[in-house]
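J.: One structure is given below, represented as structure tokens, and several questions about it will come after.
The values are calculated or read from the model by the stated rules, or taken from the named source; none is laboratory data. Predicted model, so just to flag it, every value in this text is computed and none were measured. Cβ: placed from backbone, ideal geometry, glycine included. Neighbour counts: every protein chain shown. Accessible surface is based on the protein model in full, side chains and every heavy atom, while ligands, DNA and RNA are left aside. Shrake-Rupley method; radii C 1.70, N 1.55, O 1.52, S 1.80 Å.
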Amino acid sequence: MVLCVVNQKGGVGKTTTAINLGAYLARTGIRVLLVDLDPQGNATTGLGVSRAHVRLSTYDCLVRGRAVREAALPTELDGLDLVPSNPDLAGAEVELVGQEGRERKLREALVPVLPRYDLVFVDCPPSLGLLTVNGLVAADEALVPIQCEFYALDGIVQLVRTVDLIRRTLNPRLRIGAVVLTMYDSRTNLSDQVAAEVRAHFGDVVAKTVIPRSVRLAEAPSHGKPVMLYDPHSKGALAYEELARELAARLAGLTRRAM
Ligand SMILES: Nc1ncnc2c1ncn2[C@@H]1O[C@H](COP(=O)(O)OP(=O)(O)O)[C@@H](O)[C@H]1O
Ligand SMILES: [Mg+2]
């Protein structure tokens, strides 16, 4: 199963969600691969991999046809591997233009390693450009973090339209599997209003677990660790642990139905 963590807005919690869900799911014995598809490489540094030490990156897999198996690095956590990114990836959009099948590069790169992992997270950049299109074409489901702030639903219509378009053209499997409310602040009415609005818009797809604003979540990446290894008792850690449980239960249900 490939989950693409996507929202063209920056700073909504995509990378935080990919790293921390990945970490908690890996701890339950699920074999997880996280693909850093953002040239900024926040998932890479957030998992303690220094960009200067990246030999093979997502860029090499997309543009140079290198094997994901070779690019994948183990992380501090057993069962969580990372395909690191570096700034070269910013050039990939331009280098791939004009290439046949440019939207399917990530899918093609991932297919050989799918038997090695139970779950692949793709951490998208904050745009709906060719990199994100590659993420959506490679995915079974889109996982959309939405920040509980005033402009939360701005741009969501465009995102949903993009997902629909890709389902009709390039990837009939694709659907929005989950919407996750992030940076919820219980002290403000605004957070509640936004949460209610998002639930009215997306219904059951919205995860029951809401991710609160938590300083520990913001600090953990500067230590190169998922919050689980940084401060497992913080409220942000407990929220991602619960979200992982919710997601795992749903995925187990899907697998059973497919059999
Ligand atoms: N629940 C949260 N509480 C506090 N800070 C958060 C939370 N989620 C993310 N952050 C911080 O907000 C910033 C943006 O989050 P990030 O996951 O990088 O977003 P994106 O990948 O969508 O750009 C980062 O500095 C991150 O550490
Ligand atoms: Mg990010």
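J.: From the list LEU33, LEU82, exactly one residue is touching a strand residue (DSSP E or B) at 6+ places or on another chain (Cβ under 8 Å), assigned to a strand (DSSP E or B) and away from ligand 1 (no atom under 16 Å from the Cβ). Which is it?
T.: On the way: LEU82 fails: away from ligand 1 (no atom under 16 Å from the Cβ).
Of LEU33, LEU82, the one residue that is touching a strand residue (DSSP E or B) at 6+ places or on another chain (Cβ under 8 Å), assigned to a strand (DSSP E or B) and away from ligand 1 (no atom under 16 Å from the Cβ) is LEU33.
J.: Moving to a separate point now. Taking the residues in region 6-29 that are among the hydroxyl-bearing types (Ser, Thr, Tyr) and buried (at least 24 other Cβ atoms within 10 Å of the Cβ) as candidates, determine which candidate is nearest to LEU229 (Cα to Cα).
T.: TYR24
J.: From the list ARG167, ARG173, pick out the single residue that is more than 16 Å from ligand 1 (Cβ to nearest atom), open to solvent by 40 Å² or more (accessible area, probe 1.4 Å), in a helix (DSSP H, G or I) and not hydroxyl-bearing (Ser, Thr, Tyr).
T.: Result of the check over ARG167, ARG173: ARG167.
J.: Starting from region 184-205, keep only residues that are in contact (Cβ under 8 Å) with a residue 12 or more places away in the chain, then list their pairs with residues that are open to solvent by less than 90 Å² (accessible area, probe 1.4 Å) and in a helix (DSSP H, G or I) whose Cβ atoms are within a distance under 7 Å, requiring at least 6 positions of separation or different chains.
T.: Close Cβ pairs (under 7 Å, with a partner that is open to solvent by less than 90 Å² (accessible area, probe 1.4 Å) and in a helix (DSSP H, G or I)) amount to TYR184/SER191; TYR184/ALA195; ASP185/SER191.
J.: Let me ask something else. So which pairs qualify, if the first residue must be in region 3-16 and at pLDDT 95 or above and polar (S, T, N, Q), the second must be open to solvent by 10 Å² or more (accessible area, probe 1.4 Å) and more than 6 Å from ligand 1 (Cβ to nearest atom), the Cβ gap must be under 6 Å, and the two must be at least 6 apart or on different chains?
T.: Final answer for the pair search is GLN8/SER127; GLN8/LEU128; GLN8/GLY155.
J.: Between a first residue in region 124-136 that is away from ligand 1 (no atom under 12 Å from the Cβ) and a second residue that is among the basic types (Lys, Arg), which pairs have beta carbons less than 7 Å apart while being 6 or more apart in sequence or on different chains?
T.: Taking only residues 6 or more apart or on different chains, the pairs are LEU130/ARG102; ASN134/LYS105.
J.: Failed condition for ALA200, given (1) modelled with pLDDT under 95; (2) under 21 Å from THR75 (Cβ atoms), with all others met?
T.: (2) is the only condition that ALA200 fails.
J.: Report, ordered by the first and then the second residue, all pairs with beta carbons closer than 8 Å, sequence separation of six or more or different chains, a first member in region 90-101 that is at positive phi, and a second member that is assigned to a helix (DSSP H, G or I) and at pLDDT 95 or above.
T.: GLY101/GLU108
J.: Applying the selection to region 96-152, what residues are modelled with pLDDT of 95 or more and open to solvent by 60 Å² or more (accessible area, probe 1.4 Å)?
T.: Residues satisfying the conditions are ARG102, ARG104, GLU108, VAL111, PRO112, PRO115, ARG116, ASP118.
J.: Take the conditions away from ligand 1 (no atom under 16 Å from the Cβ) and open to solvent by 30 Å² or more (accessible area, probe 1.4 Å) and apply them to ASP204. Does it pass?
T.: The answer is yes for ASP204.
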